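K.L.:
Have a look at this one.
The values are calculated or read from the model by the stated rules, or taken from the named source; none is laboratory data. Please read these numbers as outputs of a predicted model, since none were measured by experiment. Neighbour counts are summed over all protein chains in view; Cβ atoms, including those assigned to glycine, are modelled from backbone coordinates with ideal geometry.
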Amino acid sequence: MVAALSANLGIAVTKFVAFALTGSSAMLAESIHSVADSGNQVLLLVGGRRSRRGATPDHPFGYGRERYLYAFVVSVVLFVVGGLFALYEAYHKLIHPEAIDSWHWVPLVVLGTAIGLESLSFRTAIRETNKIRGGMTWGGFIRRAKVPELPVILLEDFAALVGLVLALLGVGLTLLTGNGIWDALGTGAIGILLVVVAIVLAIETKSLLIGEAPVEEQTAAIERAIIEGPEVERVIHLRAVHIGPEDVLVAVKVAVRHDDTAAAVARGIDAVEARIRAALPIARVIYIEPDILQAGTKDHETA
């Protein structure tokens, strides 16, 4: 996030200078895009800091989901400030197209430099993501990741690079033809790109806000940990949900032997809890309810 913020702040300044000299709508759209991205990185940093607050009586499970809230706000900012502004500017320039009459080389130099800086930021995001992505595809990682910052930065940097290429095409064709319509079309393409990325981010972060289960492999590891010892006859039902990127709540109802004493059941629950924590260290909150298995009861029943 720090790398992305540093890159975007520097890029925003140079883009605004290029816009002031040339009047290119694509440069203005990219300038606003960089400002929005910079604000987004600040929001993510603030969300990460606030999420580390401890639990309170009003928020007994802590503030881990606050990171999801700030990531959702990022998608709204990107949609409104980046995408809709670019589409408005494109509409304005389509109605009144303007050629670039001066400082022809400036936008090309600025866009080329920005592509280089964004590439460095994107490479950093890819390197950090590869540490936790495992064998997942990029699309699968964005859909399944529980840490919101990396998918946000990945999509933002990807959109920024594609947007810069679109701006370069629009500006370049305007300079070659003297027709400002190309600048407007490039701006419109940037707006559509940002709206699409913002919608994808909103969908994914909304799902995290509502509450997502751990990935299938982690849920399976929890179940294996429960039944691998002699204390539990079977799992009646299991619920696990992320209450933060690195915090999982586990609630499970297990069948114990009908002739176990209360002391034996209590020792068994402690053993099961210890195995769950060993199998999934981010299982911070664990509730285990013992029950006597009734005839006809099925595994993973919902009641």
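K.L.:
In segment 244-280, what count of residues is obtained for those that are at pLDDT below 90 and among the charged types (D, E, K, R)?
P.N.:
4
K.L.:
Answer with yes or no whether Tyr68 is touching a Ser or Thr at 6+ places or on another chain (Cβ under 7 Å), of a type in the set (Phe, Trp, Tyr) and at pLDDT 75 or above.
P.N.:
Taking the combined requirement at face value, the residue satisfies it.
K.L.:
Okay, moving on. On the basis of being assigned by TED's automatic domain parsing to the domain that holds Ile190 and either buried (at least 22 other Cβ atoms within 10 Å of the Cβ) or small (Gly, Ala, Ser) (or both), does Tyr70 make the cut?
P.N.:
Here the answer is yes, as Tyr70 does meet what is asked.
Every residue, every condition in (1) on the phi > 0 side of the Ramachandran plot; (2) not acidic (Asp, Glu), yes or no:
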site	(1), (2)
Lys15	no, yes
Glu30	no, no
Gly62	yes, yes
Tyr68	no, yes
Phe72	no, yes
Tyr91	no, yes
Pro97	no, yes
Leu117	no, yes
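K.L.:
Sticking with this structure for a sec: Please verify whether segment 256-269 includes one or more residues that are in a strand (DSSP E or B) and not polar (S, T, N, Q).
P.N.:
yes
K.L.:
Evaluate segment 85-98: report whether one residue or more is at pLDDT below 80, of a type in the set (Lys, Arg) and either under 27 Å from Ile199 (Cβ atoms) or in contact with a Gly (Cβ under 6 Å, 6 or more places away or on another chain) (or both).
P.N.:
Yes, that holds for at least one residue.
K.L.:
Take the conditions modelled with pLDDT of 75 or more and surrounded by fewer than 20 Cβ atoms within 10 Å (Cβ to Cβ) and apply them to Val46. Does it pass?
P.N.:
So Val46 passes the test.
K.L.:
Right, here's the next one. Do you know which residues across segment 198-243 are in contact with a helix residue (DSSP H, G or I) (Cβ under 6 Å, 6 or more places away or on another chain) and closer than 14 Å to Phe72 by Cβ?
P.N.:
Result: Ala198, Leu201, Ala202, Thr205, Leu208, Leu209.
K.L.:
Do we have Ile199 as surrounded by fewer than 20 Cβ atoms within 10 Å (Cβ to Cβ) and of a type outside the set (D, E, K, R) here?
P.N.:
When the stated conditions are applied, Ile199 passes them.
K.L.:
Kindly check whether there is at least one residue in segment 55-73 that is touching a Phe, Trp or Tyr at 6+ places or on another chain (Cβ under 8 Å) and more than 26 Å from Val195 (Cβ to Cβ).
P.N.:
yes
K.L.:
For segment 227-254, how many residues meet the condition of being farther than 23 Å from Ser51 by Cβ and without any contact (Cβ under 8 Å) to a residue 60 or more places away in the chain?
P.N.:
9
K.L.:
Return the residues of segment 173-195 that are surrounded by fewer than 17 Cβ atoms within 10 Å (Cβ to Cβ) and either touching a residue at least 40 places away in the same chain (Cβ under 8 Å) or aromatic (Phe, Trp, Tyr) (or both); say none if nothing qualifies.
P.N.:
Gly178, Asn179, Ile181, Ile192
K.L.:
Hey, can you tell me all the residues within segment 4-30 that are among the polar types (S, T, N, Q) and either crowded, with 23+ Cβ neighbours inside 10 Å or over 30 Å from Arg127 (Cβ atoms) (or both)?
P.N.:
Asn8, Thr22, Ser24, Ser25
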